[in-house]
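Down below is the structure, laid out as structure tokens.
The values are calculated or read from the model by the stated rules, or taken from the named source; none is laboratory data. Just so it is clear, the structure is predicted and the values come from calculations on it, not from any experiment. Methodologically, a virtual Cβ is constructed for each residue, glycine included, from the backbone with ideal geometry; neighbour enumeration extends over all protein chains shown.
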Amino acid sequence: MSEKALIAITMGDPCAIGPEIIVKALDNPGIAAGCTPLVVGDRTALDRAVQVCGSRLEIVEIAEPEEARRVPEGAVPLMPVSRLPEGDVQYGKPTLAAGDAVYRYICTAARLCLAGRVAAMATAPINKEAMNRAGHAYHGHTELLAELCGVDDYVMMLAGDVLRVSLVTIHEALRAVPALVTRDRVLKTIRVTADGVRRLTGKAAPRLAVLALNPHCGEGGMFGNEEDTAITPAIEAANLEGIDAQGPLAADTLFHFAQQGLYDGVVAMYHDQGLIPLKMLHFDDGVNITLGLPIIRTSVDHGTAYGLAGTGTASEMSLVAAVRMAMEMVKE
């Protein structure tokens, strides 16, 4: 019997729900049965989460990831990348120290993946503002991981059992989006999405829907011309490469057909265009996947939920889905 895959789980913001959903996820017998989890985070925050959640899990500190395999059943292996004082892990009050710790959790897990010492990483939610205020200027996990991995062609996708949605632009102000929707950027997103969906579904020629940017696909130029200048040329180029990409398609009707299984993936032009419909369908089981990296990275599809921190009531289901998705991707 082969060894179970080592999967690093980063704590995210220790002032948020990350520690609690990790504890609750690791109480799920399906996780322990399918992989060897390794938490990268903070001992104070994880100890507190065990108490808040009423868990019987024991925390075992380790120095090297391989030691996680020797941790007994019913225990959580923890690589303590930070040791924050209680003043820096107050519920719902992110600090500079916590923002810096978040950055170091991500870097540690990514480097372990790149070195082949863990098979994948799954990430809990972070506070981007706190990380930036601590001196780490990234829009989010995706951009930081792309830099750590040395790649330019990467795509953020959120996926559930029914919908898979990737984004041409990610965390950008809405006013900046039209200028960023270029032929090359759309084409890159289509290519990376097609490759990612092939690996996720096993389909040699996945069918992709590419959304328009403007209402009614621009209505012949009345509402904008990005469909003519950028999106259609990108789709045509992708088709010439053998990619089954269709569009531009109106976002207000497309998801009705996508949820019926007519498409294997959807390429959206901006964050809320794609993620509002996805989260309506996959709020509890959606998974954030970074495509185009040389490592496997999955994540929850929600934020820090500071209002729930410390209550033990935050749902762990998105993190469970993220770890399970990582387990499946490791097998491929």
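Couple of notes before you dig in:
- Meets criteria (farther than 18 Å from T182 by Cα and surrounded by 13 or more Cβ atoms within 10 Å (Cβ to Cβ)) for D228: no
- The set of residues in the range 1-18 being under 16 Å from A75 (Cβ atoms) and more than 15 Å from the chain's Cα centre (by Cα) consists of K4, L6.
- Residue check, H302 surrounded by fewer than 22 Cβ atoms within 10 Å (Cβ to Cβ), in contact (Cβ under 8 Å) with a residue 40 or more places away in the chain and in contact with a helix residue (DSSP H, G or I) (Cβ under 9 Å, 6 or more places away or on another chain): yes
- One residue alone among T36, T44 is surrounded by fewer than 23 Cβ atoms within 10 Å (Cβ to Cβ), closer than 23 Å to D88 by Cβ and in contact with a Leu (Cβ under 9 Å, 6 or more places away or on another chain), and that residue is T44.
- Among (1) surrounded by fewer than 24 Cβ atoms within 10 Å (Cβ to Cβ); (2) in contact (Cβ under 8 Å) with a residue 60 or more places away in the chain; (3) of a type in the set (A, V, I, L, M); (4) in the same structural domain as I31 (by TED's automatic domain parsing) - the single one M317 does not satisfy: (2)
- Looking across the range 14-45, the residues that are over 16 Å from E316 (Cβ atoms) and in contact with a helix residue (DSSP H, G or I) (Cβ under 6 Å, 6 or more places away or on another chain) come down to P14, C15, T36, L38, V40.
- Scanning the range 163-180 for residues that are at pLDDT 95 or above and either touching a Gly at 6+ places or on another chain (Cβ under 6 Å) or not assigned by TED's automatic domain parsing to the domain that holds Q259 (or both) turns up R164, V165, L167.
- Condition met for L158 (buried (at least 21 other Cβ atoms within 10 Å of the Cβ), within 13 Å of the chain's Cα centre (by Cα) and not assigned by TED's automatic domain parsing to the domain that holds N288): no
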